[in-house]
Amino acid sequence: MSLWVDKYRPRTLAQLSYHENITQNLKALSKSGDFPHLLVYGPSGSGKKTRIYCTLQEIFGPSIEKLKIDVKNFVTPSNRKLEFNVLSSPYHLEITPSDMGNNDRVVIQDLLKDVASTEQVDFGNQSSKKHRFKVVIINEADSLSRDAQAALRRTMEKYSSNIRLILVCNSVSNIIAPIKSRTLLVRIPSPSIEDISNILRQVSKNERVKFSSNDEHAVSAFYEQVAVTSKRNLRRSLLAFETIYMQNETIDVKQMHSTIVLDWEIIIKNMARTISAARNVATLAKLRTTTYELLSHCISARIILKNLMFELVSLAKGKTELIQEIVQIGSTFDERLSLGSKSIFHIEGFIAKTMVAIDTYNV
């Protein structure tokens with residue numbers, strides 16, 4: 001039994017139900033004889049990866065879904081051996097080099113060089129004959145180090161005849177200009193509340209979900225509630241909807257379901273309130289333990305920092321100078337997170353500096 005988010009994931013461009021203009025542009029690109037390098041960006045849950053795989057399916061056919069995981073071995077300049085997981089099909093690879101930290105440059109150079117130096121062997125169908133290249137999807141491209149991005153730029157220039165790169169990220173602000181100039185930028189905005197409501201309505205129809213009321217307006221209001229509280233994140237909306245369905249035989253459309261709010265978000269809200277209420281060494285030590293717990297549950301340091309900063313800004317209640325200072329501190333430590341290796345130090349540094357700023361502006 002698969003999750004709804006996987007069960008109802010579109011497999012082809014024709015099955016996509018929103019952002020029709022982007023869909024048509026991707027369809028035109030897939031049929032053109034000159035498929036470019038792509039930089040696909042947009043907020044989480046907007047459907048970036050889904051559209052990429054639908055486009056690849058349009059180019060190479062169903063073989064793109066024959067996935068396997070390979071373990072690649074790399075050796076750093078300091079002779080340290082690294083193991084790296086690569087998700088691949090006969091026509092593409094999907095990698096996340098930023099998982100290797102400061103060694104992401106080694107992965108970029110060695111892996112892409114290896115892929116680019118090997119031409120396609122399986123030319124069984126007509127589509128693969130037309131597109132004689134292999135696609136490499138690079139996740140979290142905005143988290144790549146500057147050295148890795150420079151290596152990526154050189155690879156794009158040297159091996160463009162054999163490979164096409166599709167870079168995926170939430171924001172292009174950390175992508176260097178030479179890479180932007182060598183790729184076609186495709187922005188995937190978040191689906192609208194109406195788009196998400198329509199998708200949830202179709203899923204509930206297929207799954208025969210029962211509601212406490214047959215009033216269409218009340219049910220539509222429930223769908224909108226899920227979309228709004230999920231911040232127009234389609235993946236999260238589907239997961240929240242399925243969670244509510246699994247916990248309730250009949251969904252009460254008039255009830256605000258607590259399952260929509262994630263536990264880790266509540267913890268970060270409580271951290272912000274604690275910082276505002278008590279700013280001392282004991283609080284800092286307490287929050288260190290909480291931060292370790294979040295990191296151990298695979299909540300990324302950057303997400304913790306971002307959400308904590310926004311919560312603190314909302315608690316500042318219109319104090320313009322304090323808000324500016326908190327944002328400045330957040331920006332500084334966000335940069336340090338990308339440069340350093342011990343994320344707990346930078347999150348704790350952000351908390352300590354913010355405590356000092358709140359004390360300064362509250363005097």
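Here are a few things to note about the model shown:
- Just so you know, in region 1-42 the residues that are within 30 Å of K306 (Cβ to Cβ) and of a type in the set (F, W, Y) include one that is nearest to the chain's Cα centre (by Cα), and it is Y41.
- Residue check for F333: within 30 Å of N103 (Cβ to Cβ) and in contact with a His (Cβ under 6 Å, 6 or more places away or on another chain): yes
- Meets criteria (in the same structural domain as N174 (by TED's automatic domain parsing), surrounded by fewer than 18 Cβ atoms within 10 Å (Cβ to Cβ), of a type in the set (A, V, I, L, M) and closer than 23 Å to I138 by Cβ) for L29: yes
- Residue check for E194: at pLDDT below 90 and of a type in the set (D, E): no
- Condition met for I22 (under 25 Å from A116 (Cα atoms) and either among the hydrophobic types (A, V, I, L, M, F, W, C) or in a loop (DSSP other than H, G, I, E, B) (or both)): no
- Residues in region 47-94 that are crowded, with 18+ Cβ neighbours inside 10 Å, part of a strand (DSSP E or B) and either more than 21 Å from the chain's Cα centre (by Cα) or acidic (D, E) (or both): E94 alone.
- Residue match in region 285-292 (condition: more than 24 Å from S173 (Cα to Cα), surrounded by 16 or more Cβ atoms within 10 Å (Cβ to Cβ) and of a type in the set (K, R)): no
- The helices (runs of 4 or more DSSP H) falling completely within region 145-208 that include 2 or more residues that are in the same structural domain as K231 (by TED's automatic domain parsing) and surrounded by 16 or more Cβ atoms within 10 Å (Cβ to Cβ) map to 193-207.
- Region 43-62, residues that are without any contact (Cβ under 8 Å) to a residue 60 or more places away in the chain and either touching an Asp or Glu at 6+ places or on another chain (Cβ under 9 Å) or closer than 30 Å to K306 by Cβ (or both): T50, Y53, C54, T55, Q57
- Residues in region 201-250 that are acidic (D, E) and within 20 Å of S2 (Cα to Cα): E207, E242, E249.
- Within region 242-253, residues that are assigned to a loop (DSSP other than H, G, I, E, B) reach partners that are surrounded by 13 or more Cβ atoms within 10 Å (Cβ to Cβ) and not small (G, A, S) with beta carbons closer than 6 Å, at six or more positions or on different chains, in the pairs V253/F211; V253/V219; V253/F222.
- Of all residues in region 278-287, those satisfying the criterion of being assigned to a loop (DSSP other than H, G, I, E, B) and not charged (D, E, K, R) are A278, N280.
- Any hit, region 121-144, residues being part of a helix (DSSP H, G or I), under 20 Å from N170 (Cα atoms), at pLDDT 75 or above and not small (G, A, S): yes
- The helices (runs of 4 or more DSSP H) found entirely in region 288-363 that carry 3 or more residues being of a type in the set (S, T, N, Q) are 320-339, 343-362.
The values are calculated or read from the model by the stated rules, or taken from the named source; none is laboratory data. As the structure is a computational prediction, the values presented were derived from the model and not from experiment. Backbone-built Cβ (ideal geometry, glycine too); neighbour counts: all protein chains shown.
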